[in-house]
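The values are calculated or read from the model by the stated rules, or taken from the named source; none is laboratory data. Predicted model only: the values in this text are computed from it and were never measured. A quick note on method: Cβ atoms are made from the backbone with ideal geometry, for glycine too, and the neighbour counts reach across all protein chains shown. Note: areas computed on protein heavy atoms with side chains; ligands, DNA, RNA excluded. Shrake-Rupley method; radii C 1.70, N 1.55, O 1.52, S 1.80 Å.
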Amino acid sequence: MKKVAKVAIIGAGAAGLCALRVFTDSSANSSTSFCVVCYEQGSRVGGTWIYTDQVGQDENGLPVHSSMYENLKTNLPKECMAFPDYPFPELPSFVRHEEVQKYLEDYATHFDVLKYIEFQTIVTLVEPISDDTNQFGTSWKVTTKSVTDSSLENTSVFDAVLICNGHYAVPLFPDIPGLDTFSGEILHSHDYRRPTAFLDKRVLVLGAASSGQDISIEVASVAKQVFLSHNKPLLKSPLPDNLQQRPGIKNINKGRVEFLDGSQEDVDFLLLCTGYHYRYTFLSAACGVEVTENRVTPLYKHLVHTKHPNLAILGICKVVIPFPMFHMQASFCRAVLDGSLILPSEAEINRETEEDYRSRLASGLPHRHAHVLNEDQFSYNDELADMAKVPKLTDHYKQLNQATRNLRQSDLVGYKRLNFVLDKEDDTYKIQNSNFS
Ligand code: FAD
């Protein structure tokens, strides 16, 4: 007889939907059948892709979750953003946020997983309880509340918990000498919606990861002058005439900013594209999950709790192609929970995890980038696939990722107007009407 395992999934963004799809896939050859419940504090699926004009708190008094801005287009082509088992419809390669939200809704409908989601239900507490009947020795007590009536509280016990709560919702404000003296306005990219407030202003955008790059170009379309301040190698692409790159900030004195190279500028607006915190306030201390300077421990493969492999956090890895990675992570978790993947001993897991972390530091990554995978994402996905005994991702993902990176380097302002098409002759993507590949 098949074993039945009860699994709680926290969040119905891309990661939570993917976990639902993978755990309810009846075609998977498994000795366990999963009984899943997904708790979602919002009233729709899509997570950060649900654009809202609101900032601060939503109508239920919860912090606004989405970090989308009005005119956001994806920074990856839809051909490589897609889950491996569900392509995007016919659309240009770089799509608006509404198209991604619609894609996620369609994905949920196609795989018939909406019925497992309890909307407007927030998880407030997850606690371990020791349980000899659970193969991992621990079960999980999950407490939820209705977001419209907090007196409606419910507690259930699960064999496993998959945390898919998103990692772009709690803004990280940098520690800059003199920031508190700044006489202009400050906005974090989490609250950025459109450029109108920057009309004719001198704007400093701090941080040149994806959001900083995109937003500085959008703001430059209306601002008098934009300074993009960052410590990365200089962007090589042509940029708008009124956008200059500067190194990181040394200090701020009222309206004047001094940069690390000693240059100074007067600015009216500080736009912080400085990233986000990992935050798991609903995990009780007994769960043993810690976040120190943006490293989450103790996790094996940036994913499963080393002591309690029936507790996992999906989507922690950064500088990755998220949706296909979620598919691999969810497949790995399923294999762990149905017993088809026997994990190494805890000592071996700890050794491997530490070795991976040390090798990242040795390669020059700072501690706060402990979950940045970048090029390693492809071997990471392959390793998860091998261990879970599921098909690997096709090479298209890697090829498109590299091609997009090249495009950004040569034309950061215009690359989202281009389209990729699959050349069936050699099975690689090419830029339409261009020799670029
Ligand atoms: P989310 O989408 O954040 O979903 C988490 C869900 O969990 C939310 O619905 C939230 O309401 C719910 N939740 C949280 N806490 C609780 C709780 N306690 N109880 C119940 N529910 C809870 N990726 C790309 O592939 N291409 C891009 O071009 C791209 N651009 C991006 C641009 C921006 C501005 C941002 C912020 C991200 C971008 N990303 C992009 C990355 C994006 O975050 C991922 O694609 C992906 O959507 C993340 O999915 P997720 O499920 O991990 O998180």
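General observations
- Scanning segment 208-219 for residues that are in a helix (DSSP H, G or I) and open to solvent by 10 Å² or more (accessible area, probe 1.4 Å) gives S210, S211, Q213, D214, I217, E218.
- Number of residues in segment 221-254 that are in contact with a Phe, Trp or Tyr (Cβ under 8 Å, 6 or more places away or on another chain), in a loop (DSSP other than H, G, I, E, B) and of a type in the set (A, V, I, L, M, F, W, C): the value is 2.
Residue-wise test of (1) in a loop (DSSP other than H, G, I, E, B); (2) open to solvent by 20 Å² or more (accessible area, probe 1.4 Å); (3) at pLDDT 95 or above; (4) touching a Lys or Arg at 6+ places or on another chain (Cβ under 6 Å).
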{"site": "A312", "(1), (2), (3), (4)": "no, no, yes, no"}
{"site": "A330", "(1), (2), (3), (4)": "no, no, yes, no"}
{"site": "V336", "(1), (2), (3), (4)": "no, no, yes, no"}
{"site": "R358", "(1), (2), (3), (4)": "no, yes, no, no"}
{"site": "S379", "(1), (2), (3), (4)": "no, yes, yes, no"}
{"site": "L384", "(1), (2), (3), (4)": "no, no, yes, no"}
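- Residues being within 22 Å of L303 (Cβ to Cβ) and in a strand (DSSP E or B) - total across segment 4-34: 8
- If you go through segment 255-273 and keep only what is more than 13 Å from the ligand (Cβ to nearest atom), assigned to a loop (DSSP other than H, G, I, E, B) and closer than 19 Å to G212 by Cβ, you end up with L260, D261, S263, V267, D268.
- Residue selected from segment 1-10 under the condition of a type outside the set (V, I, T) and open to solvent by 10 Å² or more (accessible area, probe 1.4 Å), by the criterion nearest to the ligand (Cβ to nearest atom): K6
Residue by residue, here is whether (1) surrounded by 15 or more Cβ atoms within 10 Å (Cβ to Cβ); (2) at pLDDT below 95; (3) within 14 Å of the ligand (Cβ to nearest atom) holds:
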| residue | (1), (2), (3) |
| --- | --- |
| G178 | yes, no, no |
| F182 | yes, no, no |
| R193 | yes, no, yes |
| L204 | yes, no, no |
| V226 | yes, no, no |
| L243 | yes, no, no |
| N253 | no, no, no |
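- Scanning segment 282-294 for residues that are within 16 Å of the ligand (Cβ to nearest atom), in a loop (DSSP other than H, G, I, E, B) and under 13 Å from E127 (Cβ atoms) yields F282, S284, V289.
- Flag if N134 is closer than 25 Å to V289 by Cβ, part of a loop (DSSP other than H, G, I, E, B), at pLDDT below 95 and out of contact with any Ser or Thr (no Cβ under 9 Å at 6 or more places or on another chain): yes
- Identity of the residue in segment 338-356, polar (S, T, N, Q) and part of a loop (DSSP other than H, G, I, E, B), that ends up surrounded by the fewest Cβ atoms within 10 Å (Cβ to Cβ): S345
- Selection count where residues are open to solvent by less than 20 Å² (accessible area, probe 1.4 Å) and not in a helix (DSSP H, G or I), scope segment 314-328: 5
- Positions within segment 378-393 being closer than 17 Å to Y300 by Cα and touching a residue at least 40 places away in the same chain (Cβ under 8 Å), in sequence order: Y380, N381, E383, L384, A385, M387, A388
- Within segment 68-97, being of a type in the set (S, T, Y) and open to solvent by 20 Å² or more (accessible area, probe 1.4 Å) holds for one residue alone: Y86.
- Output for segment 20-62, where each listed residue is of a type outside the set (F, W, Y) and within 9 Å of the ligand (Cβ to nearest atom): C38, E40, Q41, G42, R44, V45, G46, G47, T48, I50, L62
- Of residues in segment 295-306 being within 16 Å of the ligand (Cβ to nearest atom) and closer than 30 Å to S229 by Cβ, the one surrounded by the fewest Cβ atoms within 10 Å (Cβ to Cβ): V296
- Residue check for S156: within 16 Å of the ligand (Cβ to nearest atom), over 24 Å from the mean Cα position of the chain (by Cα) and small (G, A, S): yes
- Unmet requirement for S363, which otherwise passes all of (1) touching a residue at least 60 places away in the same chain (Cβ under 8 Å); (2) open to solvent by 30 Å² or more (accessible area, probe 1.4 Å); (3) closer than 26 Å to L400 by Cβ: (1)
- Tally of residues being within 20 Å of T121 (Cα to Cα), within 14 Å of the ligand (Cβ to nearest atom) and in a loop (DSSP other than H, G, I, E, B) across segment 159-176: 7
- The listed residue being within 13 Å of the ligand (Cβ to nearest atom) and either touching a Phe, Trp or Tyr at 6+ places or on another chain (Cβ under 6 Å) or free of Cβ contacts under 8 Å to residues at least 12 places away in the same chain (or both), out of H65, H97: H97
- One residue from P240, P195 being of a type outside the set (K, R) and out of contact with any strand residue (DSSP E or B) (no Cβ under 8 Å at 6 or more places or on another chain): P195
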